[in-house]
Amino acid sequence: MNILALDVGKTTGWAHFYEHKLVAHGVVLCDRKKPLFTLEKFRALFTVIDPSHIFVEDVGFSRFTLAHASYWQLRTLIEVAADEKGRAPVGAVGVTALKKWATGSGKAKKHDMCAEVRRRYGVELFAWKDDEKRGKRGDEDQADAILVGAWAACKLEKNL
């Protein structure tokens, strides 16, 4: 099982799991005004990792129109890149479901998600605010992607 998990946004966090182990994580900086450039970044990531499964955190709806439009633009680019690799459809987990699975509370905050990643994987990622230390750009996104990947690995194992 070779999973690529994504937390979609302007700073898209990604995590690579192989056989239930976290292998690598990072961010893809996306530009809403340059969708083809962003598509090439996703293509490159998919080529390097060559995932058997791709999962994203699904935000569903945002009350912020631009954020909602940007999310779906990026989701579409991810679906295109995945389809080109023969990996469509992309799986998804809702934000509340992921928070509940990871922390026990569907209302967990960013610092709770980062703390869970530190506890499970020893990865030093911190939230931008309300955490032990101030996080860097992309820390929260990587933490969410790591937990999406962990969730996906558990889900796929149960369905095998």
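The values are calculated or read from the model by the stated rules, or taken from the named source; none is laboratory data. Please read all numbers here as calculations on a predicted model, not as lab measurements. Heads up, the Cβs are rebuilt from the backbone with ideal geometry, glycines too, and the neighbour counts pull from every protein chain shown.
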Just wondering, is there one or more residues in region 6-20 that are among the acidic types (Asp, Glu) and exposed (fewer than 12 other Cβ atoms within 10 Å of the Cβ)?
-> yes
Within the group ALA152, ALA127, which residue is free of Cβ contacts under 8 Å to residues at least 40 places away in the same chain, more than 12 Å from HIS25 (Cα to Cα) and among the aliphatic types (A, V, I, L, M)?
-> ALA127
Between a first residue in region 22-43 that is within 18 Å of ALA145 (Cα to Cα) and a second residue that is among the basic types (Lys, Arg) and in a helix (DSSP H, G or I), which pairs have beta carbons less than 7 Å apart while being 6 or more apart in sequence or on different chains?
-> VAL28/LYS41
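Quick check: is even one residue across region 15-37 of a type in the set (Val, Ile, Thr) and assigned to a helix (DSSP H, G or I)? So that I can check it myself, show each step before the final result.
Step one: of region 15-37, the residues of a type in the set (Val, Ile, Thr) are 23, 27-28.
With assigned to a helix (DSSP H, G or I) added as a condition, the list becomes none.
Within region 15-37, none of the residues are of a type in the set (Val, Ile, Thr) and assigned to a helix (DSSP H, G or I).
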Would you tally the residues in region 21-53 being surrounded by 16 or more Cβ atoms within 10 Å (Cβ to Cβ) and of a type in the set (A, V, I, L, M)?
-> 6
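Give the residue, chosen from GLU79, GLU84, that is among the acidic types (Asp, Glu) and either in contact with a Phe, Trp or Tyr (Cβ under 9 Å, 6 or more places away or on another chain) or in contact (Cβ under 8 Å) with a residue 60 or more places away in the chain (or both). Outline the logic, then answer.
On the way: GLU79 fails: either in contact with a Phe, Trp or Tyr (Cβ under 9 Å, 6 or more places away or on another chain) or in contact (Cβ under 8 Å) with a residue 60 or more places away in the chain (or both).
Checking each option against the conditions leaves just GLU84.
Give the number of residues within region 102-112 that are part of a helix (DSSP H, G or I) and not acidic (Asp, Glu). Walk me through it before giving the result.
Quick first cut of region 102-112, residues part of a helix (DSSP H, G or I) only: 102-103, 110-112.
Imposing the further condition that a residue be not acidic (Asp, Glu) reduces the set to 102-103, 110-111.
Residues meeting the conditions: 4.
Quick check on my filter: what residues within region 130-147 are free of Cβ contacts under 8 Å to residues at least 40 places away in the same chain and either surrounded by 14 or more Cβ atoms within 10 Å (Cβ to Cβ) or not in a loop (DSSP other than H, G, I, E, B) (or both)? Let's see the steps before the verdict.
If we filter region 130-147 for residues that are free of Cβ contacts under 8 Å to residues at least 40 places away in the same chain, which is where we start, we get 130-136, 139.
Residues satisfying the conditions are ASP131, GLY135, ASP139.
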Considering every residue within region 2-9, establish whether at least one is closer than 25 Å to TYR121 by Cβ, at pLDDT below 95, of a type in the set (Asp, Glu) and not in a helix (DSSP H, G or I).
-> no
Output the residues belonging to region 1-50 that are acidic (Asp, Glu) and farther than 25 Å from ALA67 by Cα.
-> GLU19, ASP50
More than 22 Å from ARG32 (Cβ to Cβ), part of a helix (DSSP H, G or I) and free of Cβ contacts under 8 Å to residues at least 40 places away in the same chain, is that true of THR47?
-> yes
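Rundown of residues vs (1) surrounded by fewer than 13 Cβ atoms within 10 Å (Cβ to Cβ); (2) part of a helix (DSSP H, G or I), yes/no style:
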| residue | (1), (2) |
| --- | --- |
| PHE55 | no, no |
| VAL80 | no, yes |
| ASP83 | yes, yes |
| CYS114 | no, yes |
| TRP128 | no, no |
| GLY149 | no, yes |
